[in-house]
Amino acid sequence: MLFTNNLLILEVSKVIARESAYEYDILRKDIFDILALLDNGVITSGKVVLIKPNLLRASPVEQAITTHPLIIRFVAEYVLEKGARPLVMDSPAIGKFSKIVKDTGLVDALKGLDITLEEFTASVRIDSHGSAKDVDDLQFKETELAQEALQADCIINLPKLKTHTQMGLTLAVKNLFGCVVGLRKPEWHLKIGENRDKFAELLISIYRRLRPTINILDGILALEGNGPGTGGIPRQLGVLIAANDAVDVDVAVCQMLDLHPEWLPTNRVAKRLGLIKDISIDGRIKKVKGFVLPNSTSLVFGPSFARKFIRQNLTSSPVSDKKLCKLCNECVNICPAKAITNNGKTLHFDYDKCIRCYCCSEVCPHSAIKVQRPLLRRFF
Ligand code: SF4
Ligand code: SF4
């Protein structure tokens, strides 16, 4: 809702929901229909279009960790049919880009298309908010983002519907964090520490700067439980949710999962900035019952003198399962707080240093890191 010159203007955004499946003809038709509805004449001959999927790690499609490769293919086909130039790019958190695009099936899926498939490598330091005026209360005035994301004529954002141990869910707004290049990502985690709301502010800053033109969320095979990596459990939802505005997609997903939109930290920041609009659904969204959310909780609450006690006794902590852990050091290397050590026999977590970002759980290739609720919290 907007108030202008004492007039009340209802701003309603269109969100498209389609029941769909990873079957070539069905999915191609659904993706082309969605793009035709949301394109608004923006994707035209000669334009450079960045296609930004979720390519978190090398994993097969059945694990539901990455955007399905056929969705990426059909979006690229559409862009090519319009005479524009598609760049499929991401900066994965874990592993080599060449292995990720091979193991996720993306190289095979994109065969025969004249596209660029590359990792982001160059960053540009920018004013996070561009021309936005109402951002005085956001702390992140400067960010470094991938050069191609900033230079593209438009962005098509292709998130995956997954749980996220730190942020609750990773949806359309969160997917843009992949435009922060390489090791800058853990640096941000360390800088922001345990404050999930501050991290949400950073994500909203990035979203406002990049403003994808079209967002299509892959919720056909979603991930519930302790996602977004191998700790999550795939769950068939059979839905694509799309909109011009990434926040609208995130609001619609919350509604579908029977969550209040402001349960999601990024939606809370968006609401504060007046970025949440009423949405109307083109199609039908079936309510999903019992979607399993991660074992995490708010980390910054209570008086400051009691924070250490609260952190130790009420916040969820990462723990390794000795039977599954292969001591590969992936978690040790990614931990922004240097809170994990490997003595050659077992891992040790320093919970005073740990900022509960759960990057370790996200990167573990063997599902060996669980997020455990402390006894006191379980009791309550
Ligand atoms: S990433 Fe997983 S398997 Fe590797 S050391 Fe850490 S817990 Fe163990
Ligand atoms: S131990 Fe895990 S949750 Fe804690 S800071 Fe390191 S990566 Fe983040």
- [ ] Quick one: which residue in V371, V332 is within 15 Å of ligand 2 (Cβ to nearest atom), within 22 Å of S59 (Cβ to Cβ), modelled with pLDDT of 90 or more and not in a loop (DSSP other than H, G, I, E, B)?
- [x] V332
- [ ] Considering only the stretch 76-110, state which residues are among the polar types (S, T, N, Q) and without any contact (Cβ under 8 Å) to a residue 40 or more places away in the chain.
- [x] S98
Open item on the list: Suppose we keep only residues that are assigned to a strand (DSSP E or B) and touching a Phe, Trp or Tyr at 6+ places or on another chain (Cβ under 9 Å) within the stretch 339-364. Which one would you say is farthest from ligand 1 (Cβ to nearest atom)?
Closed with: T341
Task: Residue among G219, G225 that alone is surrounded by fewer than 24 Cβ atoms within 10 Å (Cβ to Cβ) and in the same structural domain as T66 (by TED's automatic domain parsing) - done: G225
Task: Candidates L113, L70, L87, L80, filtered to the one that is in a loop (DSSP other than H, G, I, E, B) and assigned by TED's automatic domain parsing to the domain that holds K47 - done: L113
TODO: Quick one: which residue in G130, G41 is surrounded by fewer than 19 Cβ atoms within 10 Å (Cβ to Cβ), modelled with pLDDT of 95 or more and either within 21 Å of P228 (Cα to Cα) or among the small types (G, A, S) (or both)?
DONE: G41
Task: Of all residues making up the stretch 321-338, the number that are polar (S, T, N, Q) and more than 6 Å from ligand 1 (Cβ to nearest atom) - done: 1
TODO: Look through P234, P212 and report the one residue that is out of contact with any His (no Cβ under 9 Å at 6 or more places or on another chain), at pLDDT 95 or above and in a loop (DSSP other than H, G, I, E, B).
DONE: P212
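Every residue, every condition in (1) farther than 25 Å from C331 by Cα; (2) within 23 Å of the chain's Cα centre (by Cα), yes or no:
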site: A64; (1), (2): no, yes
site: G83; (1), (2): yes, no
site: D103; (1), (2): no, yes
site: V107; (1), (2): yes, yes
TODO: List every residue pair whose Cβ atoms sit under 6 Å apart, with the two residues 6 or more apart in sequence or on different chains, where the first one lies in the stretch 335-356 and is in the same structural domain as K185 (by TED's automatic domain parsing) and the second, anywhere, is within 12 Å of ligand 1 (Cβ to nearest atom) and not in a loop (DSSP other than H, G, I, E, B).
DONE: none
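The values are calculated or read from the model by the stated rules, or taken from the named source; none is laboratory data. All figures in this text were calculated on a predicted structure; none of them were measured in a lab. Neighbour counts run over all protein chains shown; Cβ positions are idealised from the backbone, glycine included.
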